[in-house]
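The values are calculated or read from the model by the stated rules, or taken from the named source; none is laboratory data. As the structure is a computational prediction, the values presented were derived from the model and not from experiment. Cβ sites come from the backbone with ideal geometry, for glycine too, and all protein chains shown count toward neighbours.
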Amino acid sequence: MRFEGRRQMHWYNPKTRSTETRLAPQTDAEARELLDGNLDTEAFVTEYERLRKSGMNVEQALIFTGHEFRLRQLELRVAR
């Protein structure tokens, strides 16, 4: 889907620990804003930046960051 030239993305938001559909960010600043405001913000942003440096675009890196932290949360549940 596109709204005003922007795509919608479906992702797992590690900050809220929920899936959501929203307009995809177009800049790194917009992506970082979505990850900001949580005790784990530094870890989220570090993972996002690592993925960006590997060549992923903004939207893709944000989706993969959410996916990575979702997997970590599931691993913690299993380990308990």
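Things worth noting here:
- Of all residues making up the range 48-76, the number that are assigned to a helix (DSSP H, G or I) and over 9 Å from the mean Cα position of the chain (by Cα): 13
- LEU71 being in contact with a Phe, Trp or Tyr (Cβ under 7 Å, 6 or more places away or on another chain) and either farther than 14 Å from LYS15 by Cβ or in contact (Cβ under 8 Å) with a residue 60 or more places away in the chain (or both): no
- Residue in the range 9-16 that is β-branched (Val, Ile, Thr) and modelled with pLDDT of 95 or more present: no
- Selection of the range 43-75 for residues being over 17 Å from THR16 (Cβ atoms) and surrounded by fewer than 16 Cβ atoms within 10 Å (Cβ to Cβ) yields THR46, GLU49, ARG50, LYS53, SER54, GLY55, ASN57, GLN60, GLU75.
- The residues of the range 18-41 that are part of a helix (DSSP H, G or I) and surrounded by 11 or more Cβ atoms within 10 Å (Cβ to Cβ), listed by number, are ASP28, GLU30, ALA31, ARG32, GLU33, LEU34, LEU35, THR41.
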